[in-house]
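Q: Here's a structure for you.
The values are calculated or read from the model by the stated rules, or taken from the named source; none is laboratory data. This is a predicted model, so every value here is computed, not measured. Cβ sites come from the backbone with ideal geometry, for glycine too, and all protein chains shown count toward neighbours. SASA here: full protein model, heavy atoms, side chains in, ligands and nucleic acids out. Shrake-Rupley method; radii C 1.70, N 1.55, O 1.52, S 1.80 Å.
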Amino acid sequence: MRQIVLDTETTGLDPAQGHRIVELACVELENRALTGRHLHLYFNPDRDSDPEALAVHGLTTDFLSGHPRFEETAQQLVDYVKGAEVIIHNAAFDCKFLNAELTRIGLPRFDALCGKITDSLLHAREIHPGKRNNLDALCERYGISNAHRTLHGALLDSELLADVWLAMTRGQDALIMDFNEEEGGRAGGEHVQAVDVSVLKVITASDVELQAHAAYLEALDKTSGKPCVWRVVDAQAQVAAATSTEIAAD
């Protein structure tokens, strides 16, 4: 499953008024893991940014004039997003600009280039109704540090959004399933059948994956100010295993 998290910076708010994309960045996820393969492009828009936009991204006309125009590097974007699910925060805004740029040079609309477009802002509003759901608010809500974000930048924002998206879509938070057992052998009114686990394939984590897991748990501990659920359950499991071993030895 290949996903691309995308963000843009622009000279203003409306391509119909001649505003252009000045920066585009994409980071890649495969099977819910960052691959490190990203696309980051600056564009010469052949115009100044509105003062309000310049205050947001800080990309001056002088800086951008040394970079290629959109049409000179558009094929890199086309090749990069081909067939992938593209995740964008407030997708309507970015797609409006992407479609304008692509149409101007005779290429298909953006949604025709990628496999699917997912709006992470709409997803956030569904699971956090009535709350602020901009990127800064979501970073704070999910304990993702954005202290280094003094200006908006497409690459930094797409990296932060990738972390936010993984946190928002993590799924089950509890490690223990609480079934309401009824009528001896029934859970939630449905019959629970025995499963032959001997046929299941066992895949052990590599040393690199174990180190990454340990670092992730340390980050969770630091964010919550206490041991995370995984550590508590793991400690309980180790005590139970040690007790079982002592009983067996006796």
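Q: Can you tell me which condition residue 56 does not meet? The list is (1) β-branched (Val, Ile, Thr); (2) touching a residue at least 24 places away in the same chain (Cβ under 8 Å); (3) in contact with an Asp or Glu (Cβ under 7 Å, 6 or more places away or on another chain), and all the others hold.
A: Failing condition for residue 56: (3).
Q: To continue, here is another question. What do you reckon, is residue 147 out of contact with any strand residue (DSSP E or B) (no Cβ under 9 Å at 6 or more places or on another chain) and in a helix (DSSP H, G or I)?
A: no
Q: Please state which of the following conditions residue 9 fails to meet, knowing it meets all the rest: (1) within 19 Å of residue 158 (Cβ to Cβ); (2) touching a strand residue (DSSP E or B) at 6+ places or on another chain (Cβ under 8 Å); (3) touching a residue at least 40 places away in the same chain (Cβ under 8 Å); (4) outside any strand (DSSP E or B).
A: For residue 9, the failing item is (4).
Q: Same structure, new question: What pairs come up if the first residue lies in region 113-127 and is within 23 Å of residue 82 (Cα to Cα) and hydroxyl-bearing (Ser, Thr, Tyr), the second is open to solvent by 30 Å² or more (accessible area, probe 1.4 Å) and assigned to a loop (DSSP other than H, G, I, E, B), and their beta carbons are under 8 Å apart, counting only those six or more places apart or on different chains?
A: From region 113-127, the pairs are 120/89.
Q: Any residue at all in region 70-93 that's over 21 Å from residue 155 (Cβ atoms), exposed (fewer than 12 other Cβ atoms within 10 Å of the Cβ) and more than 16 Å from the chain's Cα centre (by Cα)?
A: Yes.
Q: In region 204-220, what residues are open to solvent by 100 Å² or more (accessible area, probe 1.4 Å), more than 15 Å from residue 34 (Cβ to Cβ) and either of a type outside the set (Val, Ile, Thr) or in a helix (DSSP H, G or I) (or both)?
A: Within region 204-220, 207, 211, 218 meet the criteria.
Q: Can I ask one more? Taking the criterion of being open to solvent by 40 Å² or more (accessible area, probe 1.4 Å), in contact with a helix residue (DSSP H, G or I) (Cβ under 9 Å, 6 or more places away or on another chain) and of a type in the set (Lys, Arg), would at least one residue in region 1-16 satisfy it?
A: Among the residues of region 1-16, not one is open to solvent by 40 Å² or more (accessible area, probe 1.4 Å), in contact with a helix residue (DSSP H, G or I) (Cβ under 9 Å, 6 or more places away or on another chain) and of a type in the set (Lys, Arg), which makes the answer no.
Q: Something else: Can you find a residue that is among the small types (Gly, Ala, Ser), surrounded by 10 or more Cβ atoms within 10 Å (Cβ to Cβ) and either at pLDDT 75 or above or more than 21 Å from the chain's Cα centre (by Cα) (or both) anywhere in region 189-198?
A: no
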